[in-house]
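A.B. asks: Dropping the structure in here first, questions after.
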Amino acid sequence: MAVRQKPKIRDRVDCKPEEVAAYVYEMTCDLKKLTESTDLAFLAYLIDMVRIEASEIACAGCSEKQKSPD
């Protein structure tokens, strides 16, 4: 996944679902590392499920952008 600038989610109400998902993905990557390093296996598993889902939603938005003739 390409490195993108984080949207300012906290400051915006009109965010697209794909932008929110990308932000959630980035946050959960850090949380997964943290929980794994402290032996919180089940919590790490749950966070990883959120990370995967967020990644799929964010990537779906990327492919839709590539298809549109903007």
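A.B. asks: Tell me, what ³J(HN,Hα) does each residue in region 48-59 have, in order and in whole Hz, if you take phi through Karplus 6.51 cos²θ - 1.76 cosθ + 1.60 with θ = phi - 60° and put x for Gly and Pro?
C.D. replies: Each residue's phi maps through the Karplus curve to give 5, 5, 5, 4, 5, 4, 4, 4, 5, 5, 5, 5 Hz.
A.B. asks: How large is ³J(HN,Hα) for each residue in region 29-40, as worked out from phi by the Karplus curve 6.51 cos²θ - 1.76 cosθ + 1.60 (θ = phi - 60°), to whole Hz, x for Gly and Pro?
C.D. replies: 4, 5, 5, 5, 4, 5, 5, 5, 6, 10, 6, 9
Just so you know, all these numbers are worked out from the coordinates, no wet-lab data involved. Keep in mind the model is a prediction, meaning the values are calculated, not measured.
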